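Worksheet: one structure, shown below.
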Amino acid sequence: MPQQPSSFILSMTDGLPDRFDHHTTRYLSAMRGQFIDQKAYQERLTKEDPLLYDVFEIKLSEMPGELQHGVSVIHPGKVGDEYFMTKGHFHLVLDTAEVYYCLRGDGVMVMETPEGDWSVEEMHPGTVVYVPPRWAHRSVNVNLESDLVLFFVYPSNAGHDYGSIEQQGFRKLILDRDGRYEIVDNPNWLPPDLR
Ligand SMILES: [Fe+2]
């Protein structure tokens, strides 16, 4: 069934939507193997299981032509030196793009193609990031004092492929170095022809 026209309001103070019908929560325990410092991950998890991010969506039809949209909130924090971040994914329909609009906080979008090309775009309130077709993407909150709040739009039939990133990680890690973020090579990453 095609969607009926609709609207909702994103708060100009906290960036949160005034209505949603799908709320995803991702806790530290759901990110096993994703942070480079496995020891720090285990140590933290034995003490607590913090909420890393929320995703609020209006549930839409997955018919081609529809545009899924919503808000993700990545909370502040680190595992070892690595900032809290989303799992990261390719789209199952690889030739689909996505647009992000930063409403609050400071972060970076880490992106990568199946061939291993990479890109990191900074995000501050007002920044629009275009993720082209074929680029995996992960949002990272580099501000330890504030949530990173992002509005996103992507084709509803795109789907999510989390598996490739779970196995391989991204080529670049975002680490805290004396209060500033640094883009660092992931020692576990292998080029496509060596996997
Ligand atoms: Fe996406």
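Please determine whether any residue of region 149-168 is closer than 30 Å to residue 9 by Cα, modelled with pLDDT of 95 or more and β-branched (Val, Ile, Thr). Taking every residue of region 149-168 in turn, at least one turns out to be closer than 30 Å to residue 9 by Cα, modelled with pLDDT of 95 or more and β-branched (Val, Ile, Thr).
Please verify whether residue 132 is surrounded by fewer than 14 Cβ atoms within 10 Å (Cβ to Cβ) and within 12 Å of the ligand (Cβ to nearest atom), treating the condition exactly as stated. Steps first, answer last, please.
Values: surrounded by fewer than 14 Cβ atoms within 10 Å (Cβ to Cβ): yes; within 12 Å of the ligand (Cβ to nearest atom): yes.
So residue 132 fits the description; yes.
Quick check: is even one residue across region 74-92 more than 30 Å from residue 38 (Cβ to Cβ) and either within 11 Å of the ligand (Cβ to nearest atom) or in contact with a Gly (Cβ under 8 Å, 6 or more places away or on another chain) (or both)? No - not one qualifying residue is present in region 74-92.
Among the residues that make up region 101-110, is at least one of them in a loop (DSSP other than H, G, I, E, B) and either more than 16 Å from the ligand (Cβ to nearest atom) or of a type in the set (Lys, Arg) (or both)? Within region 101-110 (the criterion being in a loop (DSSP other than H, G, I, E, B) and either more than 16 Å from the ligand (Cβ to nearest atom) or of a type in the set (Lys, Arg) (or both)), the answer is yes, since at least one residue qualifies.
For region 59-72, a tally of residues being farther than 19 Å from residue 162 by Cβ and surrounded by 16 or more Cβ atoms within 10 Å (Cβ to Cβ) returns 3. Note on region 1-77: enclosed strands (runs of 3 or more DSSP E) holding 1 or more residues that are in contact (Cβ under 8 Å) with a residue 40 or more places away in the chain, under 26 Å from residue 99 (Cβ atoms) and in contact with an Asp or Glu (Cβ under 8 Å, 6 or more places away or on another chain) are 22-27, 67-74.
Give the number of residues within region 141-153 that are within 26 Å of residue 95 (Cα to Cα) and surrounded by fewer than 23 Cβ atoms within 10 Å (Cβ to Cβ). Step through it out loud before you land on a result.
Going residue by residue through region 141-153, those that are within 26 Å of residue 95 (Cα to Cα) are 149-153.
Narrowing further to those that are surrounded by fewer than 23 Cβ atoms within 10 Å (Cβ to Cβ): 151-153.
So the count comes out to 3.
One line per residue, one yes/no per condition, for (1) part of a loop (DSSP other than H, G, I, E, B); (2) closer than 22 Å to residue 101 by Cα; (3) within 15 Å of the ligand (Cβ to nearest atom):
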{"site": "153", "(1), (2), (3)": "no, yes, yes"}
{"site": "159", "(1), (2), (3)": "yes, yes, yes"}
{"site": "167", "(1), (2), (3)": "no, no, no"}
{"site": "175", "(1), (2), (3)": "no, no, no"}
{"site": "181", "(1), (2), (3)": "no, yes, no"}
{"site": "184", "(1), (2), (3)": "no, no, no"}
{"site": "189", "(1), (2), (3)": "yes, no, no"}
{"site": "193", "(1), (2), (3)": "no, no, no"}
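The values are calculated or read from the model by the stated rules, or taken from the named source; none is laboratory data. Remember, predicted model here, so these are calculated numbers, not experimental data. Glycine also receives a Cβ, built like all others from the backbone with ideal geometry; neighbour counts cover every protein chain displayed.
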